[in-house]
Amino acid sequence: MALPHEFGDLDQWVADWAIGEEAARNRKRLASSLDQLQAYYNAMLPRMDAIIQHLNRYSLDALAPAEQALLDLALMFMEVAPAVEIYKHPDVPWGFVAERFHILPA
């Protein structure tokens with residue numbers, strides 16, 4: 001899946017990180033090393049304002065595949081950010097084990 005042309009620098013992340021389902025994003029975060037999360041975070045952070053501005057032009061109910069992939073990358077960034085910025089760990093230290101939570105599809 002290709003992203004909108006102005007976000008081509010992020011194409012390398014689509015295959016592994018553009019995940020549409022919340023539970024799958026959570027599993028990806030937990031299965032990734034902190035180094036992997038940090039690399040993804042570093043690639044996405046400087047682009048987030050432009051991504052939000054771009055996506056604000058569209059209805060979330062009718063996104064083209066390229067915009068949906070971009071949204072999925074942004075949602076994954078939001079999944080990764082607390083792990084990188086706050087916890088410095090893929091999971092929440094001193095929290096409940098992730099397997100205790102069941103994320104239901106929307």
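Consider LEU37 carefully, then state whether it is touching a helix residue (DSSP H, G or I) at 6+ places or on another chain (Cβ under 7 Å) and either among the small types (Gly, Ala, Ser) or part of a helix (DSSP H, G or I) (or both). In short, yes. Of all the residues in segment 28-48, those that are within 12 Å of the chain's Cα centre (by Cα), charged (D, E, K, R) and loosely packed, with under 15 Cβ neighbours inside 10 Å number 0.
Within segment 1-13, the only residue that satisfies the criterion of being more than 21 Å from ARG57 (Cα to Cα) and surrounded by 14 or more Cβ atoms within 10 Å (Cβ to Cβ) is TRP13. Note down all Cβ pairs under 7 Å where the first residue falls in segment 1-26 and is in contact (Cβ under 8 Å) with a residue 24 or more places away in the chain and among the β-branched types (Val, Ile, Thr), the second is in a loop (DSSP other than H, G, I, E, B) and exposed (fewer than 14 other Cβ atoms within 10 Å of the Cβ), and they're at least six residues apart or on different chains. Every condition considered, the pairs that remain are VAL14/MET1. Number of residues in segment 40-67 that are part of a helix (DSSP H, G or I) and free of Cβ contacts under 8 Å to residues at least 60 places away in the same chain: the value is 19. For ILE51, are the conditions met, namely being of a type in the set (Val, Ile, Thr), surrounded by 18 or more Cβ atoms within 10 Å (Cβ to Cβ), farther than 24 Å from ASP91 by Cβ and in contact with a helix residue (DSSP H, G or I) (Cβ under 6 Å, 6 or more places away or on another chain)? Yes, satisfied. Here is the figure for segment 27-39: residues that are free of Cβ contacts under 8 Å to residues at least 40 places away in the same chain and within 16 Å of LEU73 (Cβ to Cβ) total 2.
All of the numbers you see were taken from the coordinates with simple rules; none came from a lab. Treat the numbers as computed from the prediction; the structure is a model and nothing was measured. Don't worry about glycine lacking a Cβ; one is built from the backbone with ideal geometry, like all the others, and counts go over all protein chains shown.
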